[in-house]
Amino acid sequence: MQLLSPTTEAPPVAACAREVLDAAPILIWYVRLHMRRHRKGLSIPQFRALVKIRNEPAASLSAVAEHLGGSLPTASRTVATLVAKGLASRAPCTRDRRQCALTLTPRGRRIVENALAATQAQMEAELSGLSPAQRATVREAMALLLTAFDRAKRRHTTAHASIAAPVSARRTARSAAPAIVLS
């Protein structure tokens, strides 16, 4: 039997989109499972709010509410609890006096960073079964997806300047720590 020679044609965009759609749910499940194991007694909405604030320095209450899929009053109560626990702080927003800028305290940052480190260690164990070439391919694909979907997010959120900042700018603001998009 003669093997077909590999094609150099790129797969159709629809096939690429389907592969991403098929892979995303299991990746989201995996990250959420391991991140939530390290939430230190916080409710899931409280932990997700911490992650949002970590990923978006000076996040607004509206941004947290949108991330949680809840109302402003619910997000306000969640953030108030985080502030009372010493995990987050509020400061007046420099762009809009009617809003506040949310930041993590060192204690809040430690909770998120420890959860991230533990989740990364679990992922490393899973990815260790791949060859070095396969791991390089995964890294290249993730960089491409990050670029494509960061552009899409910026187009979607142009009304919110802090959300629309490119990933590279947000990473610089967080001392080049990896972004967590799933919580």
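Structure notes:
- Cut-off under 5 Å, modelled amide H: who pairs with residue 88 long-range: 83, 105
- FRET efficiency, residue 113 to residue 37 (Cβ-Cβ, R0 22 Å, nearest 0.05): 0.90
- Cα Rg over Rh - segment 30-128, Kirkwood: 1.01
- Note, ³J(HN,Hα) from phi for segment 86-92, Karplus 6.51, -1.76, 1.60, rounded to Hz, x at Gly and Pro: x, 9, 9, 9, 10, 9, x
- Fully extended contour minus Cα-Cα distance, from residue 71 to residue 95, at 0.36 nm per residue: 6.4 nm
- Mean projected area in nm² (Cα convex hull; one quarter of hull surface) for segment 86-126: 3.8 nm²
Computed from the coordinates by the stated procedures, all read-outs in this text should not be read as laboratory data. Just so you know, these numbers come straight off a predicted model, no measurement behind them. When we count neighbours, we look across all protein chains shown, and the Cβ atoms used for this are built from the backbone with ideal geometry, even at glycine.
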